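Take a look at the structure set out below.
The numbers here are math on the coordinates, done by the rules we state, and not lab data. Remember, it's a predicted structure, so these values are computed and weren't measured experimentally. A quick note on method: Cβ atoms are made from the backbone with ideal geometry, for glycine too, and the neighbour counts reach across all protein chains shown.
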């Protein structure tokens, strides 16, 4: 295929996306926003239509030795809904591309669709189309979600302003630690199939990995409280990576405080057990599907009593300075490990 | 996974889709039409938005030993655009899910996106989003296309009426015969890599397999001539299968004439060379991406001089009788081989 060969790992996912984006331009009037946010924005009269797609592959994004198919179906929908939530939208439709190898029975496919159905019910989303196919090896699920939001309510990544308060929902790092627990128990099982997995005490962490929820509850509550974030993104790759996206696209600086980053007690204890730094897990763990957003200082009063929204820092005016203030009050730059699939993770 | 195991091959693709559809219902007002047409229909004010998704997998839908990556990228877009054409719509946006194993270089990905870009230019479609990921084995491309059509212009599969004329564009069976040529040359090459492939004389057929076009030209011409088909579908699985879809969903009978089915001279000759019946190739070959549609008899005058629209039969009132009248004037039922991936094709 030509003379030179450049490895994809040299670019990484974001480098590849930037490269693709630079070669494509937008020409239709109805394309209001293309690549670069959690969802694209399409003109639909008074509303904006939101579109986002996510593909999950066996052996890359999930391991069926510990991921029940019902949970996988649910999660595949939830991670897409989360992208609509991140634009302050309401999800309405999904289409599913599904490739299945013949090692899957009809009963297995039914289990997968049970989970998809439960997620559709929970998030009030209609399954309106799809494509099913055989697969030469593993299971592939590709979901595209359509959402809707009034034109003046859409929230992008580029609206954060100096002095805005940085907010995060729920707690972070648990999904990543849950994955470590599952991987450890899998190794134990593989070396001795008589051993029963010991995951009861890690129920919360494992649940965060296997059964993530999109935070549509927060989107509804923000609306009820009359608060439109100035910028927003969902936390799929880790807090650090998402903070850098907001900083870059809004052209502002980020300052957060370690002692404000929400980490559950179980996450903290288990990270220590795994000889990991809890804040590193929260910053770089990924798959939390919580929301990261910024609000105007004037909106703080509307949210300050919310039990599940945490105020972790603020926006400042130097776009080259994205920093974490540690518990010891040292200031360290925020760096993203980013996406490691191409590096043979 | 439970006690019983039912093989997916017992249902086939359409059986599986029916099963999924029966378990899901539509609840959002904006979901105007769900599973069962070439695209779903979403409310967007005066317009309807059309959504369709197609997934192409290496080893199932394409073989990179004879499919250049540029062509693959182009085809992946074209087959999606064809679904929008089949609803009488105009494609406007795509999102792409892409999974790539590390055997692909950046140069290979660039070649793929060159083809995608060429198709986006040709069909005036914007790439507005996507998801890229590693793959444990082959290449997977999942494209979702959004299209638009005025509410009173949308054409579905269920509108064919008694006495309507059945029309088909272009010619049929060539893509299938092209695939046979490519497969034969691959086997020749594998048994003796010194041999040069002999595909020059099959250029048209091979081109139909590797470089299909969505018939947006026909959609524009139908509009110019003031003709809105009563029903329409694109020919991806073969004429027979698509005729049965129109018949079933419109609850009418189909009658077509073998001598009216358009088959190119090269397709005919090469089918004979491969000891295949040309009409069988046209009926069951698939991947032609031509349009099959029905028109009111009164619209015949508007289209009768069109060089690339063929009138192959008509609709009658017995929904249990879908028949082909052969050149020998015997009447045979139309049957679809349908989709064979799960049968270990």
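Assorted remarks:
- For the stretch A:93-126 and the stretch A:167-196, distance of Cα centres in Å: 24 Å
- Candidates B:40, B:271, B:298: whichever shows maximal mean-square fluctuation once chain B is modelled as a Gaussian network with Cα springs under 10 Å: B:298
- Shape class of the protein assembly as shown from the alpha-carbon gyration tensor: prolate, with a/c at 1.5 or above and a/b greater than b/c.
- For chain A, averaging the sequence separation of C-alpha pairs within contact (under 8 Å, six or more residues apart) and dividing by the residue count gives a relative contact order of 21 percent.
- Shortest-first nm distances, residue A:46 label point to equivalent points in other copies (7 Å, Cα→Cβ): 1.6
- When each of A:267, B:144, A:4 is scored by the number of other beta-carbon atoms lying within 10 Å, the sequence from fewest to most is A:4, A:267, B:144.
- The length gained on full extension between residue B:259 and residue B:196, counted as 0.36 nm times the residue separation minus their Cα-Cα distance, comes to 19.0 nm.
- Peptide-level mean, for B:57-68, of C-beta atoms on other protein chains within 10 Å: 2
- The overall shape of the stretch A:86-233 is oblate: from the C-alpha gyration tensor, with semi-axes ordered a ≥ b ≥ c, the ratio a/c is 1.5 or greater and a/b is no larger than b/c.
- Taking chain A as a Gaussian network of alpha-carbon nodes connected by springs under 10 Å, the highest mean-square fluctuation of the residues A:34, A:253, A:89 belongs to A:34.
- Per-residue mean of C-beta atoms belonging to partner chains within 10 Å, peptide A:108-115: 3
- Mean separation of Cα pairs under 8 Å and 6 or more residues apart, divided by the residue count, gives the stretch B:237-302 a relative contact order of 49 percent.
- The relative contact order of the stretch B:29-153 comes to 37 percent, based on Cα pairs under 8 Å that sit 6 or more residues apart.
- Rounded if a/c under 1.5, otherwise prolate or oblate - chain B, Cα gyration tensor axes: rounded
- Protection proxy ranking of B:158-168, B:229-239 - average other beta-carbon atoms within 10 Å, highest first: B:229-239, B:158-168
- Residue B:332-residue A:118 FRET efficiency (beta carbon distance; Förster radius 30 Å; 0.05 resolution): 0.05
- Choice from B:208, B:223, B:103 with maximal GNM fluctuation in chain B (Cα, 10 Å cutoff): B:103
- Gap separating the Cα centres of the stretch B:250-296 and the stretch B:207-244, nearest whole Å: 13 Å
- Mean residue ellipticity (222 nm) of the protein assembly as shown, computed from DSSP H runs ≥ 4 via -39,500 (n - 2.57), nearest 500: -10000 deg cm²/dmol
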